[in-house]
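**Student:** Have a look at this one.
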Amino acid sequence: YDRLLRIRALRWEYGSVLPNTIQFHMSAEEVEWFHRYKKSLATYMRSVGGEDGLDLTQDIKPPKSLYIEVRCLRDYGEFEIDDGTTILLKKNSQHFLPRWKCEQLIRQGVLEHILS
């Protein structure tokens, strides 16, 4: 039960795709449980919040500002923000982006929040 609670927390920390280093230490049953939990959570988020659903995994902590400065830790490629602007995320490039668009990439280790 403790492992399942930890696996559930991984969904909130890393998103819907777990890094291979974490999956390597999970049994087949644990991976299956993670996938079922992921689907269940996605179904619930689509059912609330109107037409587009509500992404509960965003803004786990209340933001102090809507935009943050980030540094790209590895080459990622093109990244589109809401206004249609496409940004090329290359290693060591710095950008001022909407917090909610960056939060998932920060958790995945693609971006780093630069604190002044």
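**Student:** Using the structure shown, decide if T57 is open to solvent by 50 Å² or more (accessible area, probe 1.4 Å), within 27 Å of D2 (Cβ to Cβ) and of a type in the set (S, T, Y).
**Tutor:** Here the answer is no, as T57 does not meet what is asked.
**Student:** Mind checking which pairs have a first residue in segment 1-15 that is closer than 16 Å to E32 by Cβ and a second that is surrounded by 12 or more Cβ atoms within 10 Å (Cβ to Cβ) and among the acidic types (D, E), Cβ under 6 Å, 6 or more apart or different chains?
**Tutor:** I7/E30
**Student:** Of all residues in segment 74-92 being open to solvent by less than 30 Å² (accessible area, probe 1.4 Å) and not aliphatic (A, V, I, L, M), which is farthest from E13 (Cα to Cα)?
**Tutor:** Filtering segment 74-92 for residues that are open to solvent by less than 30 Å² (accessible area, probe 1.4 Å) and not aliphatic (A, V, I, L, M), the one farthest from E13 (Cα to Cα) comes out as G77.
**Student:** Another question, then. So L66 ticks every box in (1) at pLDDT below 90; (2) over 30 Å from L115 (Cα atoms) but one. Which box is left unticked?
**Tutor:** The single condition L66 does not satisfy is (2).
**Student:** Still on this model: Can you name the residue in segment 93-112 that is assigned to a strand (DSSP E or B) and open to solvent by 30 Å² or more (accessible area, probe 1.4 Å) and, of all such residues, is nearest to G15 (Cα to Cα)?
**Tutor:** This residue is E112.
**Student:** Inside segment 1-18, can you point out the residues that are out of contact with any Leu (no Cβ under 8 Å at 6 or more places or on another chain) and either in a helix (DSSP H, G or I) or open to solvent by less than 50 Å² (accessible area, probe 1.4 Å) (or both)?
**Tutor:** Selection gives D2, R3, L4, L5, R6, I7, R8, A9, W12, E13, Y14, G15.
**Student:** Test I81 against the criterion of being among the hydrophobic types (A, V, I, L, M, F, W, C) and assigned by the TED database to the domain that holds G109, and give yes or no.
**Tutor:** So I81 fits the description; yes.
**Student:** Here's a follow-up. Can K64 be described as farther than 17 Å from R8 by Cβ and open to solvent by 80 Å² or more (accessible area, probe 1.4 Å)? Steps first, please.
**Tutor:** Working: farther than 17 Å from R8 by Cβ: yes; open to solvent by 80 Å² or more (accessible area, probe 1.4 Å): yes.
Criteria met by K64.
**Student:** On the basis of being over 24 Å from Y1 (Cβ atoms), under 15 Å from the mean Cα position of the chain (by Cα) and touching a residue at least 40 places away in the same chain (Cβ under 8 Å), does L111 make the cut?
**Tutor:** yes
**Student:** Suppose we keep only residues that are at pLDDT 70 or above and not acidic (D, E) within segment 51-63. Which one would you say is farthest from L115 (Cα to Cα)?
**Tutor:** G53
**Student:** Oh, and also: Kindly indicate the residue of segment 19-54 that is outside any helix (DSSP H, G or I) and in contact with a helix residue (DSSP H, G or I) (Cβ under 6 Å, 6 or more places away or on another chain) and also most open to solvent (accessible area, probe 1.4 Å) among those meeting that condition.
**Tutor:** Checking each candidate, the answer is L54.
The values are calculated or read from the model by the stated rules, or taken from the named source; none is laboratory data. All values reported here derive from a predicted model rather than from experimental measurement. Cβ coordinates were reconstructed from backbone atoms using ideal geometry, including for glycine residues, and neighbour counts include every protein chain displayed. SASA here: full protein model, heavy atoms, side chains in, ligands and nucleic acids out. Shrake-Rupley method; radii C 1.70, N 1.55, O 1.52, S 1.80 Å.
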